[in-house]
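Coordinate-derived values only; no laboratory data. Not measured: the values here are computed from a predicted model. Don't worry about glycine lacking a Cβ; one is built from the backbone with ideal geometry, like all the others, and counts go over all protein chains shown.
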Amino acid sequence: MQPISSTIVFVVCIALAQGAAVQDQVTAIAKKCASEHKMSEEQAKIIFSLVVPKTPEENCYMECIYIGAGVMKDGKYSVEGAKKLADQRFTGADEKTAAVKLIETCKSVSAGSEKCGLAKSVRECFVKNGNNISFFPPPK
């Protein structure tokens with residue numbers, strides 16, 4: 001194998017491993033949060049979709065995951081945490097650029113009056129502005 005080909009294969013393997021690591025991390029967080037918030041298996045799938053939570057229970061489940069993944073910290077949306085997740089999740093330059101743009105677009109979201117409302121507001125912003133960018137890959 002040529003040196004350049006070896007390098008490309010290595011980089012692709014690293015990129016795939018990073019994506020799998022994020023997937024494993026999010027799946028573990030989702031299981032923990034589903035248990036804590038007594039979500040059914042069907043309800044828990046919301047994190048792997050582009051669906052906005054409809055109930056306080058779903059809001060709080062989403063908040064638990066966002067906290068676990070670093071998207072929320074100390075009751076606030078964490079731009080730094082979201083960028084770190086995006087850096088781990090996305091391997092292509094275009095994907096990362098789109099994700100960072102989305103993160104910046106959503107930095108001014110507020111909690112509103114609903115229980116666990118910040119998580120819902122963050123998800124609404126991601127869905128509205130994300131052009132199908134999914135930070136949370138579904139388990140395989």
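Quick check on Glu95: is it of a type in the set (D, E, K, R), closer than 18 Å to Lys120 by Cβ and assigned to a helix (DSSP H, G or I)? It would help to see each step written out before you state the result.
Working: of a type in the set (D, E, K, R): yes; closer than 18 Å to Lys120 by Cβ: no; assigned to a helix (DSSP H, G or I): yes.
No, not satisfied.
What's the total number of residues in the range 40-66 that are touching a Phe, Trp or Tyr at 6+ places or on another chain (Cβ under 8 Å), surrounded by fewer than 22 Cβ atoms within 10 Å (Cβ to Cβ) and in contact (Cβ under 8 Å) with a residue 60 or more places away in the chain?
2
I'd like the full set of residues that are of a type in the set (A, V, I, L, M, F, W, C) and farther than 13 Å from Ile133 by Cα, limited to the range 86-105. Spell out the reasoning first.
Filtering the range 86-105 for residues of a type in the set (A, V, I, L, M, F, W, C) gives 86, 90, 93, 98-100, 102-103.
Answer for the range 86-105, where residues must be of a type in the set (A, V, I, L, M, F, W, C) and farther than 13 Å from Ile133 by Cα: just Ala93.
State all residues of the range 98-121 that are in contact (Cβ under 8 Å) with a residue 60 or more places away in the chain and either of a type in the set (S, T, N, Q) or in a helix (DSSP H, G or I) (or both); if no residue qualifies, say none. Outline the logic, then answer.
Of the residues in the range 98-121, the ones in contact (Cβ under 8 Å) with a residue 60 or more places away in the chain are 116, 119-120.
Across the range 98-121, the qualifying residues are Ala119, Lys120.
Mind checking whether some residue in the range 130-137 is within 19 Å of Leu50 (Cβ to Cβ), assigned to a helix (DSSP H, G or I) and under 13 Å from the mean Cα position of the chain (by Cα)?
Our first condition is that a residue be within 19 Å of Leu50 (Cβ to Cβ); within the range 130-137, this holds for 130-137.
So of that shortlist, the ones also assigned to a helix (DSSP H, G or I) come out as none.
No: the range 130-137 contains no residue that is within 19 Å of Leu50 (Cβ to Cβ), assigned to a helix (DSSP H, G or I) and under 13 Å from the mean Cα position of the chain (by Cα).
Could you grab me the full set of residues in the range 31-72 that are in a loop (DSSP other than H, G, I, E, B) and either among the β-branched types (Val, Ile, Thr) or farther than 12 Å from Arg123 by Cα (or both)?
Filtering the range 31-72 for residues in a loop (DSSP other than H, G, I, E, B) gives 37-40, 49-55, 70-71.
Those that are in a loop (DSSP other than H, G, I, E, B) and either among the β-branched types (Val, Ile, Thr) or farther than 12 Å from Arg123 by Cα (or both): His37, Lys38, Met39, Ser40, Val51, Val52, Thr55, Gly70, Val71.
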